1. Is there a residue in the stretch B:26-42 that is free of Cβ contacts under 8 Å to residues at least 12 places away in the same chain, outside any helix (DSSP H, G or I) and not small (Gly, Ala, Ser)?
2. Within the stretch B:93-108, can one find any residue that is surrounded by fewer than 16 Cβ atoms within 10 Å (Cβ to Cβ), among the hydrophobic types (A, V, I, L, M, F, W, C), outside any helix (DSSP H, G or I) and within 8 Å of chain A (Cβ to nearest Cβ)?
3. Restricting to the stretch B:137-169, what's the tally of residues that are facing chain A (nearest Cβ under 7 Å), part of a loop (DSSP other than H, G, I, E, B) and in contact (Cβ under 8 Å) with a residue 24 or more places away in the chain?
4. Output the residue which, of all residues in the stretch B:69-85 that are within 7 Å of chain A (Cβ to nearest Cβ) and in a helix (DSSP H, G or I), is modelled with the lowest pLDDT.
5. Specify which of the listed residues (A:59, A:63) is crowded, with 20+ Cβ neighbours inside 10 Å and of a type in the set (Val, Ile, Thr).
6. Among the residues of the stretch B:109-136, write down those that are assigned to a helix (DSSP H, G or I) and over 27 Å from the mean Cα position of the chain (by Cα).
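The values are calculated or read from the model by the stated rules, or taken from the named source; none is laboratory data. Just so it is clear, the structure is predicted and the values come from calculations on it, not from any experiment. For neighbour counting, all protein chains shown are included, and Cβ atoms are generated from backbone atoms with ideal geometry for every residue, glycine included.
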Amino acid sequence: MDIGWYLAVSAIVFAIGAAGVITRRNPLLVLLCLELMLGASSLALLAFAKMHGNLDGHVFALVVIVVAAAEVAVGLGIVVALYRNKVAVDVDELRELHG
Amino acid sequence: MNEALFFFAGPIAVLTALGVVVLRNPFYAVLSLVVHLLSLSLLFLLLYAPFLAVIQVMVYVGAVMVLYVFVNAYVGGADDAGGGPGRPLRWLAGLISIGVAATFGIALLGSGLTAIDSDGAEVGADFGSPGQIGELLLTKFLLPFELASFLLLVAAVGAVVLARRRGGTLPGETRMIAALDLLAPTGTGSMREGIGAINPVPGAVNTKLPSGTRPDGGTASGGTASRDGGEDR
């Protein structure tokens, strides 16, 4: 299988995720679309790692997974805190940092 | 065999990614992402990354998606509102994403990387095995490894601080005061404590809350008071 095919899938999924981040209004779904973009970038990293026969890309993809897990923990904590405080769970309504 | 697996997993990955963006019910979007991540791990396997594929399934499908489902159920899983004032911007977003995809495609086709049209380097059977990656993590990438563990610690503490709920922050609850609270300045603590004491959130009443909640504070099973705004310390 040519490496280019994997890169094409990665590019398409990344673009779809970017569209989702722009259009979705529920912060939970914005986080989901961020996961799409991160997964697509991991796929590209692994494709290039295979292309060069070098394992550095694997370590980078592992770090991406760690960062994604941390982002999910904090992001979902913020969503729960928003819900508790009766602030609208809608990114279009969240314009102020001080509530 | 590789081709068959790729053309099985690749289209599924793209279609379920579209599902995540298009489906209106957040729960279905989460399930679509689960299928997407599974097919992505299959692609990882095809790229000789067995360790990453297993980690992907364990971390994402096993842990992160469970977290999403729980938070989804907790927040109420209200449908993502379509239409509204953001309608024209949606087309703009579609155009932007098509532009991003086209840019990546041009970058791929015109990159001049000849190895893209090949199978990649010949790799041994233990390419991407846990042993090799672990050796790299503890030698060449020791600092990123330690930073990643520190990042996870900070994120875990931050998530607990953000999402915890101490008694007494909603009206009608009894407040247990710890000795440390007397030293803490006003406006600190969790979000509810910090905002509620200083500045009760204006305009939060008329927002799109699920029907199970009352706009004046407290869930249907929560507090009994009728006044919003956190209590003063």
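1. No - not one qualifying residue is present in the stretch B:26-42.
2. No, that holds for no residue.
3. Of the stretch B:137-169, the ones facing chain A (nearest Cβ under 7 Å) are B:137, B:141, B:144, B:148, B:151-152, B:155-156, B:158-159, B:162-163, B:165.
From what's left, part of a loop (DSSP other than H, G, I, E, B): B:141, B:165.
Narrowing the set further to residues that are in contact (Cβ under 8 Å) with a residue 24 or more places away in the chain leaves B:165.
Looking only at that region, the number is 1.
4. B:75
5. None of the other options fit; the residue is A:59.
6. Scanning the stretch B:109-136 gives B:109, B:114, B:115, B:116, B:117, B:131, B:132, B:135, B:136.
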